[in-house]
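Notes follow once the structure below has been shown.
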Amino acid sequence: MNGGVRRDTAVDRIRAVFADAGCTGWLHARRCADPRAAMLSVRGDERVVLASVYKLPLFLAFCAEVDAGRLDASGQLRIVPSDCTPGPTGIASFRDPVTMSRRDVAASMMTVSDNAAADVLLGEIGTTAVEELLTRLGLTRTRIVGGTADVYQRLVEETDTRTTVEATTRRPVTGLAELPGVLNVFLLGGAHDFFVHVAAADSDALNDFVIEHLSTDPDVALTETNLIFQHARAGWY
């Protein structure tokens, strides 16, 4: 069996996994050590929201600045957690101010996907350095326009709210409730943030709804789809 057949089969299997999960997925894989090696791609040329993946080019740009002697990796930074982007991991979860080296900040960003650390590091090197790195790597269709703190600040401004928490609860609930076919939107506590009750003609229509309205929404990091097979209304309701 030649390599082309194996890759096509792998792509079909990956597409089937995405379809079975009721979600939209993008995948691109290649062997970094050999640029001539075959690639595996499922919608890999489509532009998507980077989310936390932006931390990878940010980390590479940090390393490039250190290698060029423009930044001291062991330089100490004093960070006040209450001034940082809120989050469940890393610096934002600390109670007291901390002093860390730049490379330790970078390590926290990469090991626990620390949003606060990423914002600190981006403030140290700037978006221009990241954009220049992407250009050198030939990634001309990839853009880094800011960090998590920038996104949250724009969200607060656009929703005319005072805090990130208020903005992230108001905008998605009202926005999702206005989508076609949506019957109810519930704000949840626990592992999931929202439950969206949608009326769809069939599973294909539901999948189209997810692709068109949820997967492309930068406020939605992950979707899980469930089908309702039976429904009974309580007698007292």
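The values are calculated or read from the model by the stated rules, or taken from the named source; none is laboratory data. None of the values given here were measured: they were computed from a predicted structure. Don't worry about glycine lacking a Cβ; one is built from the backbone with ideal geometry, like all the others, and counts go over all protein chains shown.
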Next on the checklist: Can you tell me which of (1) more than 26 Å from VAL156 (Cβ to Cβ); (2) surrounded by 19 or more Cβ atoms within 10 Å (Cβ to Cβ); (3) free of Cβ contacts under 8 Å to residues at least 24 places away in the same chain is the one ALA33 doesn't meet?
Outcome noted: (2)
Checklist outcome for this item: In region 73-116, anything under 20 Å from CYS63 (Cα atoms), more than 23 Å from the chain's Cα centre (by Cα) and part of a loop (DSSP other than H, G, I, E, B) is listed as ALA73, SER74, GLY75
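Residue-wise test of (1) surrounded by 17 or more Cβ atoms within 10 Å (Cβ to Cβ); (2) acidic (Asp, Glu); (3) out of contact with any strand residue (DSSP E or B) (no Cβ under 6 Å at 6 or more places or on another chain).
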{"site": "GLY75", "(1), (2), (3)": "no, no, yes"}
{"site": "CYS84", "(1), (2), (3)": "yes, no, yes"}
{"site": "ARG95", "(1), (2), (3)": "no, no, yes"}
{"site": "ALA107", "(1), (2), (3)": "no, no, yes"}
{"site": "THR128", "(1), (2), (3)": "no, no, yes"}
{"site": "LEU133", "(1), (2), (3)": "yes, no, yes"}
{"site": "ASP150", "(1), (2), (3)": "no, yes, yes"}
Next on the checklist: Checking VAL53 against (1) in a helix (DSSP H, G or I); (2) surrounded by 18 or more Cβ atoms within 10 Å (Cβ to Cβ); (3) of a type in the set (Val, Ile, Thr), only one condition comes out false. Which one?
Outcome noted: (2)
Checklist entry - What pairs can you find where one residue is in region 211-237 and under 15 Å from LEU176 (Cα atoms) and part of a loop (DSSP other than H, G, I, E, B), the other is modelled with pLDDT under 80 and among the basic types (Lys, Arg), and their Cβ atoms are less than 8 Å apart, with a gap of 6+ or different chains? => result ASP219/ARG171
Item to check | Any pair with Cβ under 9 angstrom, 6 or more apart, that starts in region 15-26 at a residue that is in a helix (DSSP H, G or I) and ends at one that is exposed (fewer than 13 other Cβ atoms within 10 Å of the Cβ) | outcome: ALA21/GLU224
